[in-house]
1. Over the range 138-245, what is the relative contact order in percent, taking alpha-carbon pairs closer than 8 angstrom and at least six residues apart?
2. Could you give the DSSP H helices of the chain that reach 15 angstrom or more along their long axis (alpha carbon positions) and whose average Kyte-Doolittle hydropathy is no lower than -1.0?
3. Could you give the longest part of the chain that holds none of the chymotrypsin sites (Phe, Trp or Tyr not before Pro) found in DSSP loops with at most 11 neighbouring Cβ atoms within 10 Å?
4. Lysines near LYS60 by alpha-carbon distance under 28 Å, same-chain residues fewer than 8 away left out - which ones?
5. Considering amide H positions built from the backbone, and no H for Pro or chain starts, which residues 5 or more places from ILE148, or on another chain, come under 5 Å of its amide H?
6. Pull out a ≥ b ≥ c, the square roots of the eigenvalues of the alpha-carbon gyration tensor of the range 74-182, then state rounded if a/c is under 1.5, prolate if not and a/b is larger than b/c, and oblate in the remaining case.
7. Going by amide H atoms built from the backbone, whose H comes under 5 Å of the H on VAL261, apart from near neighbours?
8. Just LYS283, LYS142, LYS134 to compare: in a GNM of the chain, with alpha carbon springs under 10 Å, which one fluctuates most?
Amino acid sequence: MLEQILSYFVFNDIEIVGLSVVLLSFVIQMWFYFIYYKKPYSFAKKEVRAGNVSNTSKPKVSVIIASENEVDELKENLPLILEQDYPDYEVIVVNNGSTDESDELLISLNTQYSHLYHTYVPGYSIDTQFGRRKLAFTIGIKAAKGDILLFIEPYSKPVSDKWISTMVGSLAEDKDVVLGYSFYKNNYKFYNRVARFDNLLFSLQYLSSAIKKKGYTGTYRNILFRKNLFFERKGFASCLGAENAEDVFINRIIDGDNTVVAISQDSFVETHIERFSVWKQIKKSYSLAKSFYKSKAPFFFSIESSTRYIFYIVAVISMGYSVILQNWALLGIFAFLFLFRLIVQLILLNKSAKYFCSGKFYFSLLLLDILQPIYNMNFRTRHRRGWH
């Protein structure tokens with residue numbers, strides 16, 4: 001009886017190769033999920049239980065926003081930033097050549113909030129080498145009176161009035177950078193679900209890397225760093241050749257010892273991407289910047305995407321092959337590995353998605369998991385063409 005059962009598990013060379021490829025890619029996938037994608041959620045729950053606060057001081061903070069023709073977003077989000085529960089901070093809005101009613105709104109808000117300061121990048125100062133966004137940030141940083149700089153986008157808003165205090169509270173005396181988290185608001189459109197899934201994976205990647213002291217990036221939707229880092233590096237001079245030098249700059253100031261993460265939900269920022277073009281611009285910025293990174297992290301995480309496709313393609317082909325030849329033992333092995341990986345995803349990603357306010361991914365998970373590397377590759381290809 002035992003010999004008959006074992007006979008079902010005797011495979012030819014082609015079957016052994018297929019099984020080996022699927023098993024290897026499966027192991028690599030599980031390693032990424034348990035070592036990296038699970039890490040931020042586990043770290044957050046541990047920090048919440050411990051109630052850790054690294055910094056109890058309240059230094060002056062300068063919140064910097066670069067805005068271009070985003071009066072509606074400023075009208076909705078700026079009051080939430082101006083009404084933070086923090087004793088000493090200012091908000092600096094750099095009007096980046098806007099032609100809408102942004103200036104009028106800022107003047108009006110300035111009469112209500114004395115800690116609001118606004119300046120501008122003249123509409124005629126188009127410097128293709130330096131870049132208007134880099135110039136806007138430079139103007140804002142030079143105008144800042146605080147030694148701590150906190151960045152947020154005009155289409156983003158803090159979910160709590162403790163946002164500033166929570167970000168600053170994560171900054172220990174021997175640290176210089178705090179990476180925050182930003183999630184996308186659900187607008188019930190398909191591209192939004194795709195964007196939320198992509199943002200969740202990307203955020204888990206850079207947050208887990210920083211937790212493991214291998215930080216490599218963050219986003220201006222929610223990041224804090226000491227002002228001296230900017231001037232010690234002569235601003236964006238070290239990465240001026242990059243089109244998106246402001247994003248490359250984040251990579252240059254991060255190292256394993258000077259960076260921490262803020263994952264308390266009070267530190268979260270909600271980003272409203274009502275238009276596909278906003279998400280497209282966010283993806284474009286990262287796609288252009290990462291080729292200038294000192295870190296090999298983007299390549300490292302591309303291994304996960306590559307093995308994901310290898311797993312899907314070889315597993316599906318092998319299951320079809322097993323059905324045709326009625327090799328039920330081989331089919332059972334492939335089906336088990338496929339379902340086990342899917343269950344791990346459903347549990348780990350949805351736990352993280354719930355905590356990190358990204359929605360739920362159950363019936364759509366398989367489709368989103370397959371699509372994600374495809375549209376990321378499409379962004380890379382499209383923007384390389386644009387670069388040339």
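Bear in mind that the values in this text are calculations on the coordinates, not laboratory data. All of these numbers come straight from a predicted model, not from anything done at the bench. Note that we place each Cβ from the backbone using ideal geometry, even for glycine, and neighbour counts take in every protein chain shown.
1. 41 percent
2. 13-32, 71-82, 102-112, 132-143, 190-211, 276-289, 297-325, 328-355, 365-387
3. Longest site-free region, per DSSP loop and neighbour criteria: 189-361.
4. Once the sequence-local lysines are set aside, what remains near LYS60 is LYS75, LYS134, LYS142, LYS145, LYS157, LYS162, LYS175, LYS213, LYS227, LYS234.
5. Amide H to amide H, under 5 Å and 5 or more residues apart or across chains, ILE148 pairs with SER62, LYS227.
6. Oblate, because a/c is 1.5 or more while a/b does not exceed b/c.
7. Under 5 Å from the amide H of VAL261 lie the amide H atoms of LEU179, each far enough along the sequence or on another chain.
8. Among LYS283, LYS142, LYS134, the largest GNM mean-square fluctuation belongs to LYS142.
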